[in-house]
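First up is the structure itself, then whatever we jot down about it.
The values are calculated or read from the model by the stated rules, or taken from the named source; none is laboratory data. The model shown is predicted, which means the values in this text are computed figures rather than measured ones. No Cβ is skipped: glycine too gets one built from the backbone with ideal geometry, and neighbour counts run over all protein chains shown.
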Amino acid sequence: MDLNQLNSVLAGLPHPLLVVDSENRIRIANDAARELLGSEPAERNYVAVIRQPGALDCIENALRHRRRSEGRFMRAGASTETTYRMVAIPLDRARSGLSGVIVSFEDISHVEEAEQMRRDFVANVSHELRSPLTALAGFIETLRGAARNDEAARDRFLTIMEREANRMNRLVSDLLSLTKVEVNERVRPRDLVDVIALIRSTIAALRPLAESAGAEIDLLAECDTATVAGDPDQLTQVISNLIENGLKYGASGGVVRVEARIVQHFAGFRGPALRIDVIDRGEGIDPVHIPRLTERFYRVDSHRSREKGGTGLGLAIVKHIINRHRGRFQIQSERGHGSTFSVILPIAETADRNAGP
């Protein structure tokens, strides 16, 4: 195979590919490689084109030692950085008529991001569990020692231990819920659910919690029924999470208001939708935090959230459930003016025709 034939073969391949000869010149660069490197690299020294120490070592090692070599190449974008795995393989001169190496670039950014997410997730879970476990271990040691016969201290410590154990139980429960939702996120639910009836029953179940928080839950439903294609248990979890969130962080306003109405037009929907707004009159949230509120374990005030029993996973669960139902989730808030959490769901007649995220 001569150089022209090799060039024709590489031109049709989607991955960026270079051929570097023994004189360090780039002899072939396919279209994908030219797009990646942002210039015409052919007939130039590869050192002047690549300019990244790790990537240069990859090519140099393959040229010098005549063996396969791997490295990393990074391309900086406007807001993100793309990572490529480089592989340099020596060419068989007898077959190709050229002494050198062929270099491929494979975009592995998604793999790197998934690995980083896994590391962050493990670190976050470990951090969330470490505090209650440390507290439990400390109290157990104290109860076995100095406080063994101190009845008042024993009762106080057992109360704290119960609270920490409940906190770990909530965390494990939310982790299991989040995993289940993520596994089924691409499976569209088909059951028909009257969401207005579901909201009423959820509010009734949460009234004791509202009373203990010194707040009320008001419902304003502009329609008697609204049927969506959905999973009743997951939709109950959405409404419950949002109302509980309002009671925990917005109860200072005295009222958590739930509004439900049918909207005929909503961006991205091809038909009517049910809009549910959960509104509190609490302290509100600085808008700088809003884009990150649905991230796992993200908290505006970590200490306050833990004190109120939050796991940092509630809104992440809500987001994934709404995605599964091909709906939309919006948050509006301003410091000193409360918060509004909005869920928009396609009503049953048009659910199958709606574009979803």
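Descriptive notes on the structure:
- Residues of segment 85-122 classified as outside any strand (DSSP E or B) and more than 15 Å from the chain's Cα centre (by Cα), total: 11
- Some residue of segment 209-230 being at pLDDT below 90 and within 27 Å of Thr179 (Cβ to Cβ): yes
- If the condition is being in contact with a Leu (Cβ under 9 Å, 6 or more places away or on another chain) and either free of Cβ contacts under 8 Å to residues at least 12 places away in the same chain or part of a helix (DSSP H, G or I) (or both), then segment 173-201 contributes Asp174, Leu175, Ser177, Leu178, Val195, Ile196, Leu198, Ile199, Arg200.
- Residue pairs meeting the criteria (Cβ under 8 Å; at least 6 apart or on separate chains; first outside the structural domain of Arg207 (by TED's automatic domain parsing) and outside any helix (DSSP H, G or I), in segment 251-274; second at pLDDT 90 or above and surrounded by 14 or more Cβ atoms within 10 Å (Cβ to Cβ)): none
- Wholly enclosed helices (runs of 4 or more DSSP H) of segment 1-81 bearing at least 1 residues touching a Lys or Arg at 6+ places or on another chain (Cβ under 6 Å) and either in the same structural domain as Arg93 (by TED's automatic domain parsing) or without any contact (Cβ under 8 Å) to a residue 24 or more places away in the chain (or both): 53-65
- Sole exception among (1) free of Cβ contacts under 8 Å to residues at least 60 places away in the same chain; (2) surrounded by 12 or more Cβ atoms within 10 Å (Cβ to Cβ) for Arg170, by number: (1)
- When Leu63, Leu13, Leu37, Leu18 are checked against the criterion of being within 40 Å of the chain's Cα centre (by Cα) and modelled with pLDDT of 90 or more, Leu18 stands alone in meeting it.
- Test: residue in segment 292-300 that is of a type in the set (A, V, I, L, M), more than 17 Å from the chain's Cα centre (by Cα), within 24 Å of Ala267 (Cβ to Cβ) and at pLDDT below 90: no
- Taking the criterion of being free of Cβ contacts under 8 Å to residues at least 24 places away in the same chain and in contact with a helix residue (DSSP H, G or I) (Cβ under 7 Å, 6 or more places away or on another chain), the residues of segment 148-167 that qualify are Arg154, Phe157.
- Screening Val103 on (1) at pLDDT 90 or above; (2) surrounded by fewer than 17 Cβ atoms within 10 Å (Cβ to Cβ) shows it passes everything except condition (2).
For every residue, the table says whether it meets (1) touching a helix residue (DSSP H, G or I) at 6+ places or on another chain (Cβ under 6 Å); (2) at pLDDT 90 or above; (3) closer than 30 Å to Glu162 by Cα; (4) aliphatic (A, V, I, L, M).
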| site | (1), (2), (3), (4) |
| --- | --- |
| Gly284 | no, no, no, no |
| Val318 | yes, yes, yes, yes |
| His325 | no, yes, no, no |
| Arg335 | no, no, no, no |
| Ile344 | no, yes, no, yes |
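- Residue in segment 79-90 that is of a type outside the set (A, V, I, L, M), closer than 18 Å to Glu23 by Cα and either at pLDDT below 95 or in contact with a helix residue (DSSP H, G or I) (Cβ under 6 Å, 6 or more places away or on another chain) (or both) present: yes
- Flag if Gly312 is farther than 18 Å from Tyr249 by Cα, under 21 Å from the mean Cα position of the chain (by Cα) and at pLDDT below 85: no
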